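Nothing in this text is a laboratory measurement; each read-out follows from the coordinates by a stated rule. Only a predicted model underlies this, so the values are computations on that prediction, with no experimental measurement involved. With ideal geometry, Cβ positions are generated from the backbone for all residues, glycine too; neighbour counts draw on all protein chains shown.
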Amino acid sequence: MSDRDEPVVVEEAPNAERLTIPDDMPVLPLRDTVLFPNSFMPLAVAREASVRLIDEASTSGRMIGVFTQREATVEEPLQEDLYPIGTATHIHKMFKLPDGSLRLIVQGLTRVRLDRMLQTRPYLRAAVSLAEEVLRDEDRLEIDALQRNIKSNFQQVVSLSPLLSDDLQALAGNITDPGKLADFIASSLTTIGTPVKQDVLETLDIRARMDSLNRLLIKELEVLELGSKIQSQVQSEVGKNQREYFLREQMKAIQKELGEGDEQAKEVDELRAKLDAAGLPEPVRKEALRELDRLSKMPVAAAEYTVSRTYLDWIIALPWSKRTEDAIDLKKTKDVLDADHSGLEKVKDRVLEYLAVRKLNPDVKGPILCFLGPPGVGKTSLARSIANSLGRKFVRVSLGGMRDEAEIRGHRRTYIGALPGQVIQGLRRAESKNPVFILDEIDKLGSDFRGDPASALLEVLDPEQNSTFRDHYLDVPFDLSEVLFLTTANVLDPVPPPLRDRMEVLELAGYTEEEKLKIAVEHLVGKQIVNHGLTAEQVEFTDPAIRTIIRGYTREAGVRNLEREIGALCRKVARRRAEGDETKVTMTPEVVAAMLGAPTFLDEEIENRTKDPGVAVGLAWTPAGGEVLFVEASRMQGGGSLTLTGQLGDVMKESGRTALSWFRSNATRYGVDPAFYKDSEIHLHVPSGAIPKDGPSAGVTMVTALASELTGRPVRGDIAMTGEITLSGRVLPVGGIKEKVLAARRHGITEVILPRQNEKHIKEDLTDELRRELTIHYVIHIEEVLALALLPSSAQTHTGGLPVDDDFRQTVQ
Ligand SMILES: Nc1ncnc2c1ncn2[C@@H]1O[C@H](COP(=O)(O)OP(=O)(O)O)[C@@H](O)[C@H]1O
Ligand SMILES: [Mg+2]
């Protein structure tokens, strides 16, 4: 029995072509290897039968047949245990070892077929015949191509494989015979199994042999390439880890030298203690500890260290479980609200109801309250005093001009200089997870390509979602469900509908002069005196003085400018005192005029503007509260056309056309020739031209201005009107009545004309004071309006159908 030692392939074997093959030969069975023709192989032979075979064969110089066993484990193989094709072999060299076993070097000569076993003892002997190779002429071309392929693939295999000697490349390169090349390569490849090698040996057709060998090589190449890829990955991984390890060790050494390592360790310990004390929810604690772990392994000088550190500082600073005790004592709350704000009874009542519900059932998530109204009516300050009355912390975030979603929700930590959004920042300032959180001026929220802040806000305000609000920076959920959100807005239109749906709107329309006076006396004056370092003994504001400020120096729905002017007066007093004049100042209308200069707003203005026909006084609603608005009509010679100017929206333009149509069809009743339109151009203008205006509520004012212009009858300057009209002259109800009425009062107007259907709003919304001071005419038809507003014609001022007087145009611009 022979055992394979190690493949040695030496030069090209002697030419086997002219070999004569004996009819029978001794058979040496091989395990686990295949001997190819033209190759040398060392063999170890140990068993008695085989030793005897070799002894006899070598002394007689005979060829032996080497056949591979199908199963390596069979000890005494018979014919059926051997593959049918083997190699006729020459024993090249033989050594006897002291233990009686043999070492041989054998040389394969040519393929032989085992035809029949002749004897099995003392060793195998069989009848054999030459196994002829097949080489067809028509295969030449393909064989050529295959040969080239095989050579180049083999080169690569050798260069990739650590097991194959590079000499093999040169050897294979020298072999020109395709069959021999295939045999040589097959015998050299150490990784292919014995059955595969045997298969190559048995393939007598050269083309087929080369083909299967080429496939073997390609497969081998793939395996080797994959292997080397894995290898290099592993290597670079190991390399990187080692590199980092060494650098870290060096860094540690340096830090130790500098005494920094201890510092860092101390810092990490401190952070850990703080994290433990921060009352973090479990998922947050986990994330924070992971970050701390990262931090502890980072060099202090790394940029990332600061990023990581800042993040942990944020986590530590947030009120994860800090809250203030709620003291919803409705009596106390009411006292606080009353003490801070004059008037506003309806709004305060609603706030108290809202808080009562929350007190009874803290789990019910009510709507978000939204204070709606013009500037300076106390929306923000009311919210602040709600926080005070509840004993909660107060945060305010102004949404004005916010366009970037990240301002609400923060930037991801991967951004340089990233920070949490305004919501989380607000909570950090509040140092409590249940503050009153004002989202101020929600109507000023913008949106652009950087994402929609409104949708982020929606998540903040949605009770279904806000218990797990996720700021991009924190990247862990924060519970907002205990925050009491309040919002404010001047107008509702720009607020996206989904946000609006979340809110219950409480309107603060604006104040009357009496209310403003009261606010000033009870709050503003005292506040401003203190703010300017003065005392009540040093300066005193009389009621007439305050009225003068309200009428002559401010024209607003709220009290912001009023407060500012009071402040300006206090400043003058403070300066006077600083300059040495320490006499007490008593503010009277005269002192006010002396200190603030001539009044800016005068009530004569309106009368001046309505002296001539063609101008009517309307009332409009704007985000800043109600406004008085003038509508001018003029008639020029022309060809029957209507011009509308003053930046009017579509709805307002339609009102203009409707107004003209109604007047044309009713002209005779007002003594105007219905044909007036044929040779006229009618122009309707609403100053101030730069401000866009829209809505149907100027309808009655437009008809009145037109009628005035065409009849030559001036309009009363002390009467203002609002209302939509239909073609048949009906007057329809409009919105914003309270603001409009307040605006009329601010301008010293004493009578207003309103649609009958708005009567109920007046009853609900107007204070007794307003109802006392104002005469309100409710109308259902435009004829009633004209009857009330138009004065009898006066010959001097009537310009009839003539083009409008230039001087007049100037005065109204
Ligand atoms: N009803 C009121 N009682 C007392 N002070 C008021 C009242 N309304 C407004 N103010 C004061 O007017 C100023 C402007 O109010 P603010 O809350 O800023 O108005 P808004 O937020 O509606 O624009 C504040 O100093 C506020 O205290
Ligand atoms: Mg405000």
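By how many degrees, between 0 and 90 and to the nearest 10, does the Cα long axis of helix 282-297 differ from the longest principal axis of the chain?
60 degrees
Any idea what the relative contact order of the stretch 26-111 is, in percent, if you count C-alpha pairs under 8 Å spaced at least 6 apart?
In percent, rounded to a whole number, it is 41.
Which loop GluC sites (Glu not before Pro) in the stretch 408-517, with loop taken from DSSP, have no more than 12 other Cβ atoms within 10 angstrom of their Cβ?
Within the stretch 408-517, the qualifying GluC sites (Glu not before Pro) (loop, at most 12 other Cβ atoms within 10 Å) are 464.
Net charge near residue 696, counting Lys/Arg +1 and Asp/Glu -1 over other residues with Cβ under 9 Å of its Cβ?
Here the charged neighbours net out to -3.
Apply the a/c threshold of 1.5 to the C-alpha gyration tensor of the stretch 108-166 and tell me whether it is rounded, prolate or oblate.
It is oblate, given that a/c is not under 1.5 and a/b is not larger than b/c.
Could you grab the Rg to Rh ratio for the stretch 632-679? Cα atoms only, Kirkwood for Rh.
0.98
Within the stretch 314-361, report the GluC sites (Glu not before Pro) that DSSP leaves as loop and that have at most 11 other Cβ atoms within 10 Å.
325
Quantify how much of the Cα-Cα distance distribution of the stretch 31-140 extends past 22 Å, in percent.
Details: 1921 of 5995 pairs.
Considering the stretch 31-140, 32 percent of its Cα-Cα pairs are separated by more than 22 Å.
Kirkwood Rh over Cα pairs of the chain into Stokes-Einstein at 20 °C, 1.002 mPa s: D in µm²/s?
57 µm²/s
Considering only 212, 201, 224, whose Cα is most displaced toward the positive end of the charge dipole of the stretch 152-254, charges sitting on Cβ of Lys, Arg (+1) and Asp, Glu (-1)?
So the residue we want is 224.
Averaging sequence separations of C-alpha pairs under 8 Å and six or more residues apart, then dividing by the length of the stretch 329-476, give the relative contact order as a whole percent.
Value for the stretch 329-476: 25 percent.
Give the relative contact order (percent, whole number) for the chain; include only Cα pairs under 8 Å separated by 6+ residues. Write out the running numbers ahead of the final one.
Numbers: 1488 pairs, mean separation 58.8, N = 813.
Averaging sequence separation for qualifying contacts and normalising by length gives 7 percent for the chain.
Mind listing the phi-derived Karplus ³J(HN,Hα) values for the stretch 772-784, rounded to whole Hz, using 6.51, -1.76 and 1.60 with θ = phi - 60°, and x for any glycine or proline?
Coupling constants for the stretch 772-784: 6, 7, 10, 9, 10, 9, 9, 10, 10, 9, 5, 4, 5 Hz.
Along each of its three principal axes, how wide is the spread of alpha-carbon positions in the stretch 663-798, in whole angstrom units, largest first?
49, 32, 30
Name the longest site-free stretch of the chain, where the excluded sites are chymotrypsin sites (Phe, Trp or Tyr not before Pro) in a DSSP loop with no more than 14 other beta-carbon atoms within 10 Å.
1-414
In the stretch 639-697, what trypsin sites (Lys or Arg not before Pro) fall in a loop by DSSP, with at most 10 other Cβ atoms inside 10 Å? Please list the in-between numbers first.
Values: sites: 653, 657, 664, 669, 678, 693; in loops: 678.
Those that pass, being in a loop and sparsely packed, are 678.
Would you mind classifying the stretch 418-553 by shape? Square roots of the alpha carbon gyration tensor eigenvalues, ordered a ≥ b ≥ c; an a/c under 1.5 is rounded, otherwise it is prolate if a/b is larger than b/c and oblate if not.
It is prolate, given that a/c is not under 1.5 and a/b is the larger ratio.
From the C-alpha gyration tensor of the stretch 302-442, pull out the three semi-axes of the equivalent ellipsoid (sqrt of 5λ each), sorted largest to smallest, in whole Å.
On the way: eigenvalues 223, 66, 28 Å².
Equivalent ellipsoid semi-axes, largest first: 33, 18, 12 Å.
Run down the aspartates and glutamates and flag those whose C-alpha is under 16 Å from the C-alpha of residue 359, throwing out any fewer than 8 positions away in its chain.
Within the straight-line limit of under 16 Å, residue 359 reaches these aspartates and glutamates: 325, 326, 329, 349, 482.
For a test of the definition: using alpha carbon positions, the gyration tensor, and the 1.5 limit on a/c, classify the stretch 158-200 as rounded, prolate or oblate.
Oblate shape, in that a/c is at least 1.5 and b/c is the bigger or equal ratio.
Using θ = phi - 60° and the Karplus curve 6.51 cos²θ - 1.76 cosθ + 1.60, what whole-Hz ³J(HN,Hα) does each residue of the stretch 584-589 get, with Gly and Pro shown as x?
So the J values, rounded to whole Hz, are 5, 9, 10, 6, 10, x.
Roughly how big is the chain's charge dipole about its Cα centre, with Cβ charges of +1 (Lys, Arg) and -1 (Asp, Glu), in debye to the nearest 20?
The calculation lands at about 1580 debye.
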